[in-house]
Every structure is written in C-alpha cells, then in structure tokens.
Amino acid sequence: EGRDGPRGVVRAEHRSGSTDAAAAAAMEPPPIVPTGGMTTFNMQHGFTEALVRGMRSGFLKDQDYHHLTQCENLEDVKMNLQETDYDQFLSDVTTVTPSIIQQKATEKMVIEFQYMRAHSVEPLSSFMDFIAIEYMIENVMLLLKGTLSGRDVNELMEQCHPLGMFKESTMRLCTAFDNSPKGYSDLYQTVLVETPVGKYFRWVSQ
C-alpha cells in the first residue's frame with residue numbers, strides 16, 4: 001500500500017481514471033454543426049446568390065422597354081439606356097448601330113458570366129462550365145467549316161461567340177490542319193486535347 005497506505009492507492013486510481021477519461025474525450029469526433037445553422041447558412045453560395053439578385057434587379061423593366069419603343073433613332077436608344085444598368089456599355093461608342101448594340105450587350109453579359117464563374121463553387125461551377133462549353137464547341141465547328149470553305153481566319157475569329165473563346169493562338173491553330181482523317185487526328189492530339197472541349201472531340205482520333 002505504500003507510505004500513504006490506502007489513501008495513496010485511491011489517489012493513484014483517481015489519476016489513472018482522469019487520464020483515461022481525457023484520452024477518451026480526445027478521441028471523440030468534433031460535434032457536428034447542424035446544416036442550415038446561423039454560422040454556416042449559405043456559406044458556399046451566398047456571394048454568388050447576392051450577385052444573381054443584384055443582376056436580376058438590373059433587368060430592363062416594362063417601363064424601360066416602353067421608353068425604348070418611343071425612340072426615333074439609335075441615339076435616343078443610347079440616351080434612354082443611360083437611366084438603366086446599361087448606362088456604361090455604350091459609353092465609348094461614337095456611332096451607334098444595331099450590330100454595335102448587340103456586340104456590346106453580349107460583351108457585358110460575358111463579363112458578368114465570367115465574374116460569377118470565378119466566384120462559384122461546385123456544383124454551380126460545373127454547371128456554368130457546361131454552358132460555356134456549348135459555345136466553345138460551336139466556335140471550333142465554325143472555324144473548321146469556315147476553313148473548309150476558304151474563308152479568312154480573322155473574319156471567322158470575329159464571328160466566334162465571346163463566351164466560347166479560349167486562348168486565341170490555340171483557336172487559330174484549329175484552321176492549320178489538312179482536311180483529312182489524319183489532319184483531324186493531328187488537330188485533336190496537338191491542339192484540342194489541351195482545351196476544355198478536348199474530350200468531346202476524342203472520337204476524331206479513333
């Protein structure tokens with residue numbers, strides 16, 4: 001029993017029991033925070049949701065469209081748009097044409113889309129990638145068909161949708177291959193395989 005007798009044995013057992021309890025507590029998994037709690041609510045998608053809500057509030061309203069129908073020329077259209085969220089997208093344009101309005105509106109949409117994509121997480125990021133990939137495939141097919149028709153590469157590049165653009169030098173290489181099975185196989189193996197749409201053109205190498 002030692003110098004302290006029975007009391008020493010009791011103290012030793014108490015210390016041993018405390019150590020075992022501490023070890024057991026350390027091995028327990030951390031408490032699970034309930035989904036939807038105040039500390040984690042919308043933690044992953046809150047910012048992108050706020051972006052979408054803000055962009056939605058910038059849509060032209062019925063009153064805005066009514067004002068546009070009253071315009072007598074495109075300069076009046078530009079002036080009316082200055083009262084909306086589209087006030088800046090024509091600010092650097094001196095001569096307004098329908099094609100310019102379409103081009104600038106598309107550029108505005110692409111910039112906002114890419115900004116939202118840069119701040120998104122799964123599964124939203126993959127969903128947005130699928131949207132862009134559709135336009136990438138259309139751009140590649142436009143370049144291939146245009147090359148077969150003998151059209152100028154610069155003209156084809158201008159017609160590509162900006163949402164489906166990847167590295168310009170890579171896109172120009174799509175027009176540098178022969179119109180033959182081997183040419184298309186080389187196109188996939190040396191160019192398309194390194195692009196986001198490479199897996200969709202894998203069949204050309206088979």
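What follows draws every value from the coordinates through simple rules; no lab data is involved. Just so we're clear, the structure is a prediction, and the values are computed from it rather than from any experiment. Don't worry about glycine lacking a Cβ; one is built from the backbone with ideal geometry, like all the others, and counts go over all protein chains shown.
Among residues other than Leu124 whose Cβ falls under 12 Å from its Cβ, what is the net charge (Lys/Arg +1, Asp/Glu -1)? My count for the surroundings of Leu124 gives -2. For region 29-173, what does the alpha-carbon gyration tensor say about shape, rounded, prolate or oblate, given a ≥ b ≥ c as the root eigenvalues, a/c under 1.5 as rounded, and a/b over b/c as prolate? It comes out oblate by the Cα gyration axes.
Across region 94-109, coupling constants 3J(HN,Hα) worked out from phi with the 6.51/-1.76/1.60 Karplus curve, θ = phi - 60°, read 8, 10, 8, 10, x, 5, 5, 4, 5, 4, 5, 5, 5, 4, 4, 4 Hz, and Gly and Pro carry x.
In this simple spin-label approximation, Ser91 and Asn154 carry label points 7 Å from Cα along the Cα→Cβ vector, and these lie 3.0 nm apart.
Here's the picture: a label point sits 7 Å out from the Cα of Phe166 along the beta-carbon direction, and within region 132-153 the residues with their amide nitrogen under 13 Å of it are 132-141. Using a cutoff of 8 angstrom between alpha carbon atoms and counting only pairs six or more residues apart, the relative contact order for region 143-206 works out to 25 percent. Across region 73-82, rounded Karplus estimates of 3J(HN,Hα) from the backbone phi angles (6.51 cos²θ - 1.76 cosθ + 1.60, θ = phi - 60°) give 8, 6, 5, 5, 4, 4, 5, 5, 5, 5 Hz, Gly and Pro being marked x.
Given their separation in residues at 0.36 nm each and the Cα-Cα distance between them, Thr40 and Arg53 gain 2.7 nm when the chain is fully extended.
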